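For reference, the structure discussed in these notes is given below.
The values are calculated or read from the model by the stated rules, or taken from the named source; none is laboratory data. These figures come from a predicted structure and were not determined experimentally. Heads up, the Cβs are rebuilt from the backbone with ideal geometry, glycines too, and the neighbour counts pull from every protein chain shown.
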């Protein structure tokens, strides 16, 4: 059995030789792969890409391999404090990042956009309205909001959207976007968190206890 003193001597030797990395080295944040925004906060991190938030609230996507930086969201500047912009449901999948942009003002006017961006090229893959305000005819503000966004390897996506103007039931809508945006299903029976996407592009969800599916084009 190796004594405590002998073990300490061996560990010290290995540390000097570089075979053991101290815990403090792992705790130090890496400055690599941040596209020059070293002081920004990481809000989503992946092997190939990372999403960063600056002190001013702007969001950037960084493609680690080439250090390409793509601005995803710019916060309002100046005296217009009644105008707000935010990005919700940030989702990273390989080279793609998806998120919903919500923009509104004190006049209760809101705009919603679901955007999928290719961080390798810096180009938009998709930019669509994330919900169908006519899917449910009940009165209300008819404001939608993304729930459970999933992105395929090629940048196509599927998601749940909720009509915020219907406080009573707030049923979910099921969408996909490939060549175009398509409404797949809707109603109070769509079960939250039941959405799934396979590597081959098959979409699954549950409505009133029954499994349903669709295929990406």
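Considering only the stretch 187-217, state which residues are assigned to a strand (DSSP E or B) and farther than 15 Å from residue 148 by Cα.
Just the residues of the stretch 187-217 that are assigned to a strand (DSSP E or B), to begin with: 187, 190, 196-197, 202-207, 210-215.
Scanning the stretch 187-217 gives 187, 202, 207, 210, 211, 212, 213, 214, 215.
Going by what's in this entry, would residue 115 be described as within 23 Å of residue 71 (Cβ to Cβ), at pLDDT 95 or above and assigned to a strand (DSSP E or B)?
Details: within 23 Å of residue 71 (Cβ to Cβ): yes; at pLDDT 95 or above: yes; assigned to a strand (DSSP E or B): yes.
Answer is yes for this residue.
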- Among the residues of the stretch 161-172, is there at least one that is modelled with pLDDT of 95 or more, assigned to a loop (DSSP other than H, G, I, E, B) and touching a strand residue (DSSP E or B) at 6+ places or on another chain (Cβ under 9 Å)? no
- Task: Any chance you could count how many residues in the stretch 169-186 are over 20 Å from the mean Cα position of the chain (by Cα), under 15 Å from residue 149 (Cβ atoms) and in contact (Cβ under 8 Å) with a residue 40 or more places away in the chain?
- Result: 0
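Given the options 78, 61, 98, 104, name the one that is under 17 Å from residue 177 (Cβ atoms) and either modelled with pLDDT under 90 or not in a loop (DSSP other than H, G, I, E, B) (or both). Working first, answer last.
On the way: 78 fails: under 17 Å from residue 177 (Cβ atoms); 61 fails: under 17 Å from residue 177 (Cβ atoms); 104 fails: under 17 Å from residue 177 (Cβ atoms).
Every option except 98 fails the conditions.
How many residues, within the stretch 118-136, are modelled with pLDDT of 80 or more and more than 28 Å from residue 62 (Cβ to Cβ)? Can you show your working first?
Restricting attention to the stretch 118-136, the residues satisfying the condition of being modelled with pLDDT of 80 or more are 118-131.
Then keep just the ones that are more than 28 Å from residue 62 (Cβ to Cβ); that gives 131.
Qualifying residue count for the region: 1.
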